[in-house]
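Enquirer: Quick one: the structure is below, questions incoming.
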Amino acid sequence: MRTIAFFTLLLLSTGLSLQAAAPKTKTYPANDTSAVRIVGRTLTQPEDGSVRFDWSGTYAETRLDGRELRLRLSDSRKSYFDVTVDGKPAGKFKAAGKDTVVTVVRDLPRGIHDISIRKRTEGETGMTTFHEFILPRGGSLTATQPRSRFIEIIGNSLSAGFGTEGLDRSEPFTPENENCNLAYSTIIPRYFDADYAIIAHSGRGAVRNYGDPLRISKEGSMRRKYRQTLDEDTLHHWGFTAYRPDLVIINLGANDFSTEPHPYRSEFVGAYSEILGTIIDRYGSDIKILCVIPYAISAPVESYYDEAAARHPGHDIRIIRMPQDYINATTDRGAVWHPNYNGQRKMAMLLIPYISTMMDWPLTDAAVK
(Lines give C-alpha, C1' and ligand atoms only; values in the text may rest on other atoms or scores of the structure.)
Protein backbone atom coordinates (compact mmCIF):
# COMPACT_ATOMS: atom_id res chain seq x y z
CA MET A 1 0.00 0.00 0.00
CA ARG A 2 2.82 2.44 0.89
CA THR A 3 4.56 1.71 -2.41
CA ILE A 4 1.35 2.43 -4.42
CA ALA A 5 0.74 5.65 -2.49
CA PHE A 6 4.32 6.81 -3.08
CA PHE A 7 4.03 6.04 -6.84
CA THR A 8 0.80 8.05 -7.06
CA LEU A 9 2.36 11.03 -5.28
CA LEU A 10 5.36 10.84 -7.61
CA LEU A 11 3.11 11.01 -10.69
CA LEU A 12 1.21 13.98 -9.31
CA SER A 13 4.36 15.82 -8.36
CA THR A 14 5.75 15.50 -11.88
CA GLY A 15 2.54 16.75 -13.51
CA LEU A 16 1.47 13.31 -14.78
CA SER A 17 -1.96 11.74 -14.28
CA LEU A 18 -3.33 8.26 -14.09
CA GLN A 19 -5.45 7.73 -17.24
CA ALA A 20 -6.70 4.66 -19.04
CA ALA A 21 -4.74 3.80 -22.16
CA ALA A 22 -6.42 4.83 -25.43
CA PRO A 23 -8.02 1.89 -27.29
CA LYS A 24 -5.91 0.51 -30.11
CA THR A 25 -7.14 0.53 -33.69
CA LYS A 26 -8.28 -2.91 -34.82
CA THR A 27 -8.62 -4.06 -38.44
CA TYR A 28 -10.30 -7.00 -40.16
CA PRO A 29 -9.66 -8.03 -43.78
CA ALA A 30 -12.85 -7.96 -45.84
CA ASN A 31 -12.74 -11.72 -46.39
CA ASP A 32 -12.79 -12.48 -42.64
CA THR A 33 -16.06 -14.43 -42.56
CA SER A 34 -15.98 -14.64 -38.78
CA ALA A 35 -16.20 -10.83 -38.62
CA VAL A 36 -18.35 -9.81 -41.60
CA ARG A 37 -20.88 -11.62 -43.78
CA ILE A 38 -20.95 -10.37 -47.39
CA VAL A 39 -23.97 -11.66 -49.30
CA GLY A 40 -24.25 -11.86 -53.09
CA ARG A 41 -21.88 -12.71 -55.90
CA THR A 42 -18.38 -11.71 -54.88
CA LEU A 43 -14.80 -12.35 -55.91
CA THR A 44 -12.34 -12.80 -53.04
CA GLN A 45 -8.65 -11.96 -53.47
CA PRO A 46 -6.80 -14.42 -51.16
CA GLU A 47 -3.49 -12.59 -51.51
CA ASP A 48 -4.70 -9.46 -49.71
CA GLY A 49 -8.04 -10.46 -48.19
CA SER A 50 -10.09 -8.04 -50.30
CA VAL A 51 -13.56 -8.74 -51.70
CA ARG A 52 -14.72 -7.39 -55.08
CA PHE A 53 -18.32 -7.11 -56.31
CA ASP A 54 -20.58 -4.99 -58.51
CA TRP A 55 -24.08 -6.49 -58.69
CA SER A 56 -26.90 -4.37 -57.30
CA GLY A 57 -27.87 -4.99 -53.70
CA THR A 58 -24.74 -6.86 -52.61
CA TYR A 59 -24.51 -6.31 -48.87
CA ALA A 60 -22.28 -6.71 -45.84
CA GLU A 61 -23.60 -7.39 -42.34
CA THR A 62 -21.74 -7.41 -39.05
CA ARG A 63 -22.33 -7.02 -35.33
CA LEU A 64 -20.23 -4.18 -33.95
CA ASP A 65 -19.23 -4.10 -30.30
CA GLY A 66 -18.00 -0.53 -30.34
CA ARG A 67 -18.86 3.02 -31.31
CA GLU A 68 -17.25 3.60 -34.72
CA LEU A 69 -16.66 1.65 -37.92
CA ARG A 70 -14.62 2.65 -40.94
CA LEU A 71 -14.10 0.88 -44.24
CA ARG A 72 -11.12 0.97 -46.59
CA LEU A 73 -12.30 0.47 -50.17
CA SER A 74 -11.75 1.19 -53.86
CA ASP A 75 -14.11 1.65 -56.79
CA SER A 76 -13.70 1.59 -60.56
CA ARG A 77 -16.09 4.55 -60.97
CA LYS A 78 -18.63 5.68 -58.35
CA SER A 79 -20.91 3.45 -56.33
CA TYR A 80 -23.37 4.36 -53.61
CA PHE A 81 -24.25 2.48 -50.42
CA ASP A 82 -26.98 2.66 -47.77
CA VAL A 83 -26.16 2.06 -44.11
CA THR A 84 -28.51 0.81 -41.40
CA VAL A 85 -27.85 0.51 -37.67
CA ASP A 86 -30.01 -1.86 -35.66
CA GLY A 87 -32.46 -2.02 -38.56
CA LYS A 88 -32.86 1.76 -38.92
CA PRO A 89 -31.54 3.97 -41.76
CA ALA A 90 -28.25 5.63 -40.78
CA GLY A 91 -27.18 7.46 -43.92
CA LYS A 92 -25.34 6.63 -47.12
CA PHE A 93 -21.87 7.01 -48.57
CA LYS A 94 -20.10 7.11 -51.92
CA ALA A 95 -17.29 4.77 -52.95
CA ALA A 96 -14.86 6.35 -55.44
CA GLY A 97 -11.17 6.25 -56.21
CA LYS A 98 -8.47 3.87 -55.04
CA ASP A 99 -7.72 2.89 -51.48
CA THR A 100 -9.94 5.40 -49.69
CA VAL A 101 -11.37 5.23 -46.18
CA VAL A 102 -15.00 6.08 -45.40
CA THR A 103 -16.62 6.35 -41.99
CA VAL A 104 -19.58 3.99 -41.97
CA VAL A 105 -20.89 4.90 -38.48
CA ARG A 106 -19.53 6.92 -35.58
CA ASP A 107 -20.46 8.08 -32.06
CA LEU A 108 -22.80 5.16 -31.49
CA PRO A 109 -24.05 4.47 -27.97
CA ARG A 110 -21.88 2.00 -26.12
CA GLY A 111 -22.91 -1.57 -26.70
CA ILE A 112 -23.51 -4.01 -29.54
CA HIS A 113 -25.03 -2.83 -32.83
CA ASP A 114 -26.11 -4.62 -36.02
CA ILE A 115 -24.58 -2.83 -39.01
CA SER A 116 -25.67 -3.31 -42.61
CA ILE A 117 -23.95 -1.85 -45.71
CA ARG A 118 -25.97 -2.32 -48.92
CA LYS A 119 -25.02 -1.37 -52.49
CA ARG A 120 -27.57 0.96 -54.05
CA THR A 121 -26.21 1.05 -57.61
CA GLU A 122 -25.54 -1.50 -60.33
CA GLY A 123 -22.32 -2.70 -61.92
CA GLU A 124 -22.39 -0.23 -64.78
CA THR A 125 -21.87 2.66 -62.33
CA GLY A 126 -18.92 1.04 -60.57
CA MET A 127 -17.18 -2.09 -59.31
CA THR A 128 -16.34 -1.95 -55.61
CA THR A 129 -13.54 -3.60 -53.64
CA PHE A 130 -13.74 -3.83 -49.87
CA HIS A 131 -10.19 -4.05 -48.46
CA GLU A 132 -10.60 -3.96 -44.69
CA PHE A 133 -12.90 -2.93 -41.88
CA ILE A 134 -11.37 -0.58 -39.32
CA LEU A 135 -12.29 0.02 -35.68
CA PRO A 136 -10.34 3.21 -34.79
CA ARG A 137 -11.64 3.25 -31.23
CA GLY A 138 -11.25 -0.45 -30.57
CA GLY A 139 -14.01 -3.00 -30.14
CA SER A 140 -14.80 -6.08 -32.19
CA LEU A 141 -16.78 -7.38 -35.16
CA THR A 142 -18.79 -10.60 -35.34
CA ALA A 143 -20.49 -11.85 -38.49
CA THR A 144 -24.27 -12.14 -38.40
CA GLN A 145 -25.93 -15.51 -38.88
CA PRO A 146 -27.46 -16.40 -42.28
CA ARG A 147 -31.23 -16.13 -42.51
CA SER A 148 -33.26 -19.30 -42.98
CA ARG A 149 -34.60 -18.19 -46.38
CA PHE A 150 -32.80 -17.09 -49.55
CA ILE A 151 -34.20 -15.48 -52.71
CA GLU A 152 -32.31 -14.86 -55.95
CA ILE A 153 -33.66 -12.27 -58.38
CA ILE A 154 -32.72 -12.08 -62.07
CA GLY A 155 -33.82 -8.95 -63.89
CA ASN A 156 -33.25 -5.59 -65.51
CA SER A 157 -33.79 -1.97 -64.44
CA LEU A 158 -36.93 -2.79 -62.43
CA SER A 159 -34.92 -5.20 -60.27
CA ALA A 160 -31.88 -2.91 -60.09
CA GLY A 161 -33.90 0.01 -58.72
CA PHE A 162 -33.24 2.32 -61.69
CA GLY A 163 -34.57 5.80 -60.87
CA THR A 164 -36.43 4.79 -57.70
CA GLU A 165 -35.45 8.03 -55.95
CA GLY A 166 -36.31 10.23 -58.90
CA LEU A 167 -38.86 12.89 -57.99
CA ASP A 168 -40.59 12.98 -61.35
CA ARG A 169 -40.94 10.78 -64.44
CA SER A 170 -39.21 13.47 -66.55
CA GLU A 171 -36.12 13.48 -64.33
CA PRO A 172 -33.01 12.02 -66.02
CA PHE A 173 -31.26 9.01 -64.56
CA THR A 174 -28.23 9.51 -62.32
CA PRO A 175 -26.42 7.03 -60.09
CA GLU A 176 -27.61 9.13 -57.15
CA ASN A 177 -31.31 8.45 -57.86
CA GLU A 178 -30.83 4.70 -58.36
CA ASN A 179 -31.47 2.63 -55.24
CA CYS A 180 -32.21 -1.06 -55.39
CA ASN A 181 -32.85 -0.97 -51.63
CA LEU A 182 -36.18 0.66 -52.55
CA ALA A 183 -37.01 -1.88 -55.29
CA TYR A 184 -39.37 -4.85 -55.14
CA SER A 185 -36.27 -7.06 -55.38
CA THR A 186 -35.27 -6.09 -51.83
CA ILE A 187 -38.71 -5.23 -50.42
CA ILE A 188 -39.89 -8.83 -50.87
CA PRO A 189 -36.86 -10.41 -49.09
CA ARG A 190 -37.24 -7.89 -46.24
CA TYR A 191 -40.89 -8.85 -45.84
CA PHE A 192 -40.08 -12.57 -45.67
CA ASP A 193 -36.87 -11.98 -43.63
CA ALA A 194 -34.80 -13.64 -46.35
CA ASP A 195 -31.25 -13.20 -47.58
CA TYR A 196 -31.03 -12.37 -51.25
CA ALA A 197 -28.82 -11.86 -54.31
CA ILE A 198 -29.76 -9.64 -57.25
CA ILE A 199 -28.43 -10.39 -60.74
CA ALA A 200 -29.75 -7.42 -62.69
CA HIS A 201 -28.59 -4.90 -65.27
CA SER A 202 -30.69 -2.06 -66.67
CA GLY A 203 -31.63 -2.32 -70.32
CA ARG A 204 -30.83 -6.01 -70.64
CA GLY A 205 -33.15 -8.72 -71.88
CA ALA A 206 -33.08 -12.47 -71.99
CA VAL A 207 -31.78 -12.40 -75.57
CA ARG A 208 -32.10 -8.80 -76.82
CA ASN A 209 -31.07 -5.61 -75.04
CA TYR A 210 -32.90 -2.31 -75.17
CA GLY A 211 -32.51 -0.43 -78.46
CA ASP A 212 -30.36 -3.08 -80.12
CA PRO A 213 -30.78 -2.96 -83.92
CA LEU A 214 -30.40 -6.75 -83.97
CA ARG A 215 -32.99 -9.30 -82.87
CA ILE A 216 -30.32 -11.12 -80.83
CA SER A 217 -27.77 -9.03 -78.94
CA LYS A 218 -24.23 -10.18 -79.59
CA GLU A 219 -23.17 -9.62 -75.99
CA GLY A 220 -24.46 -8.60 -72.59
CA SER A 221 -27.87 -10.26 -72.56
CA MET A 222 -28.92 -11.89 -69.29
CA ARG A 223 -28.66 -15.45 -70.56
CA ARG A 224 -24.89 -14.82 -70.62
CA LYS A 225 -24.55 -12.43 -67.69
CA TYR A 226 -26.35 -14.84 -65.40
CA ARG A 227 -23.30 -17.12 -65.50
CA GLN A 228 -20.88 -14.33 -64.50
CA THR A 229 -19.47 -13.65 -61.05
CA LEU A 230 -19.34 -9.92 -61.81
CA ASP A 231 -21.65 -7.84 -63.95
CA GLU A 232 -18.88 -5.92 -65.71
CA ASP A 233 -16.33 -8.74 -65.96
CA THR A 234 -16.83 -11.62 -68.39
CA LEU A 235 -13.68 -13.51 -67.33
CA HIS A 236 -14.91 -14.98 -64.05
CA HIS A 237 -17.67 -17.59 -64.12
CA TRP A 238 -19.90 -18.00 -61.08
CA GLY A 239 -19.54 -21.34 -59.31
CA PHE A 240 -23.10 -21.46 -57.89
CA THR A 241 -21.81 -22.79 -54.56
CA ALA A 242 -21.73 -19.75 -52.25
CA TYR A 243 -25.46 -19.97 -51.61
CA ARG A 244 -28.46 -22.03 -52.68
CA PRO A 245 -31.70 -20.07 -52.97
CA ASP A 246 -35.08 -21.42 -51.96
CA LEU A 247 -36.71 -19.34 -54.69
CA VAL A 248 -35.49 -17.77 -57.93
CA ILE A 249 -37.51 -14.88 -59.39
CA ILE A 250 -36.97 -14.01 -63.07
CA ASN A 251 -38.28 -10.65 -64.27
CA LEU A 252 -37.13 -10.38 -67.88
CA GLY A 253 -38.66 -9.61 -71.26
CA ALA A 254 -39.45 -5.90 -71.15
CA ASN A 255 -36.27 -4.96 -73.01
CA ASP A 256 -36.53 -7.85 -75.45
CA PHE A 257 -39.84 -6.49 -76.74
CA SER A 258 -39.53 -2.77 -76.00
CA THR A 259 -38.46 -1.64 -79.47
CA GLU A 260 -38.23 -3.21 -82.90
CA PRO A 261 -36.95 -5.60 -84.06
CA HIS A 262 -38.43 -8.09 -81.61
CA PRO A 263 -36.74 -11.46 -81.28
CA TYR A 264 -38.55 -14.32 -82.95
CA ARG A 265 -40.55 -16.57 -80.70
CA SER A 266 -38.00 -19.37 -81.05
CA GLU A 267 -35.15 -16.98 -80.17
CA PHE A 268 -36.75 -15.63 -77.00
CA VAL A 269 -38.01 -19.04 -75.87
CA GLY A 270 -34.58 -20.56 -76.47
CA ALA A 271 -32.77 -17.91 -74.42
CA TYR A 272 -35.30 -17.91 -71.58
CA SER A 273 -35.27 -21.71 -71.48
CA GLU A 274 -31.47 -21.59 -71.31
CA ILE A 275 -31.68 -19.45 -68.17
CA LEU A 276 -34.21 -21.86 -66.65
CA GLY A 277 -31.96 -24.78 -67.52
CA THR A 278 -28.94 -23.17 -65.87
CA ILE A 279 -30.92 -22.55 -62.68
CA ILE A 280 -32.17 -26.13 -62.52
CA ASP A 281 -28.80 -27.62 -63.41
CA ARG A 282 -26.89 -25.60 -60.78
CA TYR A 283 -29.41 -25.49 -57.92
CA GLY A 284 -31.11 -28.85 -58.32
CA SER A 285 -34.32 -30.22 -59.76
CA ASP A 286 -36.35 -29.22 -56.71
CA ILE A 287 -35.62 -25.48 -57.03
CA LYS A 288 -38.73 -23.28 -57.21
CA ILE A 289 -38.81 -20.65 -59.96
CA LEU A 290 -41.23 -17.75 -60.38
CA CYS A 291 -41.31 -16.18 -63.85
CA VAL A 292 -42.72 -12.65 -63.91
CA ILE A 293 -44.08 -11.26 -67.18
CA PRO A 294 -43.30 -7.52 -66.85
CA TYR A 295 -46.07 -4.94 -67.02
CA ALA A 296 -44.13 -3.02 -69.68
CA ILE A 297 -44.62 -5.73 -72.32
CA SER A 298 -47.49 -4.85 -74.63
CA ALA A 299 -46.82 -7.64 -77.13
CA PRO A 300 -48.90 -10.84 -76.75
CA VAL A 301 -46.03 -13.03 -75.58
CA GLU A 302 -47.53 -14.89 -72.61
CA SER A 303 -47.39 -18.14 -74.56
CA TYR A 304 -43.62 -17.65 -75.05
CA TYR A 305 -43.11 -18.00 -71.29
CA ASP A 306 -45.41 -21.02 -71.19
CA GLU A 307 -43.38 -22.70 -73.91
CA ALA A 308 -40.07 -21.98 -72.18
CA ALA A 309 -41.37 -23.49 -68.93
CA ALA A 310 -42.82 -26.48 -70.78
CA ARG A 311 -39.33 -27.37 -71.95
CA HIS A 312 -38.55 -28.30 -68.34
CA PRO A 313 -41.35 -30.69 -67.39
CA GLY A 314 -41.56 -31.93 -63.83
CA HIS A 315 -40.04 -28.77 -62.33
CA ASP A 316 -41.81 -26.22 -60.16
CA ILE A 317 -41.93 -23.25 -62.52
CA ARG A 318 -44.75 -20.74 -62.01
CA ILE A 319 -45.67 -17.79 -64.22
CA ILE A 320 -47.40 -14.57 -63.16
CA ARG A 321 -48.39 -11.64 -65.36
CA MET A 322 -48.11 -8.11 -63.96
CA PRO A 323 -51.07 -5.95 -65.09
CA GLN A 324 -50.13 -3.07 -67.34
CA ASP A 325 -52.25 -0.48 -65.50
CA TYR A 326 -51.54 -1.16 -61.82
CA ILE A 327 -48.85 1.55 -61.59
CA ASN A 328 -50.04 5.15 -61.71
CA ALA A 329 -48.60 7.07 -64.64
CA THR A 330 -47.58 10.04 -62.47
CA THR A 331 -47.31 9.48 -58.74
CA ASP A 332 -45.78 5.99 -59.07
CA ARG A 333 -43.04 7.07 -61.47
CA GLY A 334 -39.45 8.04 -60.74
CA ALA A 335 -36.66 8.97 -63.15
CA VAL A 336 -37.22 8.16 -66.85
CA TRP A 337 -40.71 6.76 -66.21
CA HIS A 338 -39.41 3.94 -64.06
CA PRO A 339 -41.26 2.98 -60.87
CA ASN A 340 -40.39 5.04 -57.83
CA TYR A 341 -40.50 3.60 -54.32
CA ASN A 342 -44.30 3.75 -54.28
CA GLY A 343 -44.53 1.92 -57.60
CA GLN A 344 -41.96 -0.64 -56.47
CA ARG A 345 -43.97 -1.28 -53.29
CA LYS A 346 -47.01 -2.00 -55.44
CA MET A 347 -44.98 -4.53 -57.43
CA ALA A 348 -43.91 -6.19 -54.20
CA MET A 349 -47.45 -6.23 -52.81
CA LEU A 350 -48.66 -7.93 -55.98
CA LEU A 351 -46.06 -10.69 -55.74
CA ILE A 352 -45.94 -11.30 -51.97
CA PRO A 353 -49.26 -13.20 -51.68
CA TYR A 354 -48.36 -15.37 -54.66
CA ILE A 355 -44.95 -16.15 -53.18
CA SER A 356 -46.55 -16.89 -49.81
CA THR A 357 -48.73 -19.57 -51.42
CA MET A 358 -45.98 -20.91 -53.67
CA MET A 359 -43.38 -21.22 -50.91
CA ASP A 360 -45.71 -21.89 -47.97
CA TRP A 361 -44.24 -18.84 -46.23
CA PRO A 362 -46.98 -17.37 -44.01
CA LEU A 363 -48.09 -13.80 -44.44
CA THR A 364 -47.25 -11.67 -41.42
CA ASP A 365 -48.09 -8.27 -39.97
CA ALA A 366 -44.76 -6.91 -41.21
CA ALA A 367 -44.95 -3.72 -43.26
CA VAL A 368 -44.22 -3.94 -46.97
CA LYS A 369 -41.34 -1.48 -47.04
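Enquirer: For the range 231-254, which residues satisfy the criterion of being assigned to a loop (DSSP other than H, G, I, E, B), out of contact with any Pro (no Cβ under 6 Å at 6 or more places or on another chain) and either open to solvent by 10 Å² or more (accessible area, probe 1.4 Å) or at pLDDT below 95 (or both)?
Expert: Within the range 231-254, Glu232, Trp238, Gly239, Phe240, Thr241, Ala242, Tyr243, Arg244, Asp246 qualify.
Enquirer: Kindly establish whether Arg72 is of a type in the set (Lys, Arg), in contact with a strand residue (DSSP E or B) (Cβ under 7 Å, 6 or more places away or on another chain), surrounded by fewer than 23 Cβ atoms within 10 Å (Cβ to Cβ) and within 21 Å of Ala348 (Cβ to Cβ).
Expert: no
Enquirer: So Asp281 ticks every box in (1) in a loop (DSSP other than H, G, I, E, B); (2) more than 26 Å from Glu165 (Cβ to Cβ) but one. Which box is left unticked?
Expert: Answer for Asp281: the failing condition is (1).
Enquirer: Oh, and also: Restricting to the range 16-58, name every residue that is outside any loop (DSSP other than H, G, I, E, B) and at pLDDT below 95.
Expert: Scanning the range 16-58 gives a single hit, Gln45.
Enquirer: Scan the range 96-109 and tell me whether some residue there is over 16 Å from the mean Cα position of the chain (by Cα), under 23 Å from Ser148 (Cα atoms) and assigned to a strand (DSSP E or B).
Expert: No, the conditions are met nowhere in the range 96-109.
Enquirer: Please go through (1) over 28 Å from Ile187 (Cα atoms); (2) at pLDDT 95 or above for Thr259 and return the number of the only condition it doesn't satisfy.
Expert: Of (1) over 28 Å from Ile187 (Cα atoms); (2) at pLDDT 95 or above, only one is false for Thr259: (2).
Enquirer: Now, a different point. Give just the number: which of (1) in a loop (DSSP other than H, G, I, E, B); (2) surrounded by 15 or more Cβ atoms within 10 Å (Cβ to Cβ); (3) of a type in the set (A, V, I, L, M, F, W, C) does Ala299 not satisfy?
Expert: Status for Ala299: all satisfied but (2).
Enquirer: Further question: Can you go through Tyr226, Tyr243, Tyr272 and tell me which one is in contact with a helix residue (DSSP H, G or I) (Cβ under 7 Å, 6 or more places away or on another chain), within 23 Å of Phe53 (Cβ to Cβ) and of a type in the set (Ser, Thr, Tyr)?
Expert: Tyr226
Enquirer: Here's a follow-up. So, of the residues in the range 124-180 that are assigned to a loop (DSSP other than H, G, I, E, B) and of a type in the set (S, T, N, Q), which turns out to be farthest from Glu61 (Cα to Cα)?
Expert: Among residues in the range 124-180 that are assigned to a loop (DSSP other than H, G, I, E, B) and of a type in the set (S, T, N, Q), the one farthest from Glu61 (Cα to Cα) is Ser170.
The values are calculated or read from the model by the stated rules, or taken from the named source; none is laboratory data. What you see is a predicted model; the values in this text were computed from it and never measured. Neighbour counts run over all protein chains shown; Cβ positions are idealised from the backbone, glycine included. Each accessible area value is taken on the protein alone, full model and side chains, heavy atoms only, with ligands, DNA and RNA left out. Shrake-Rupley method; radii C 1.70, N 1.55, O 1.52, S 1.80 Å.
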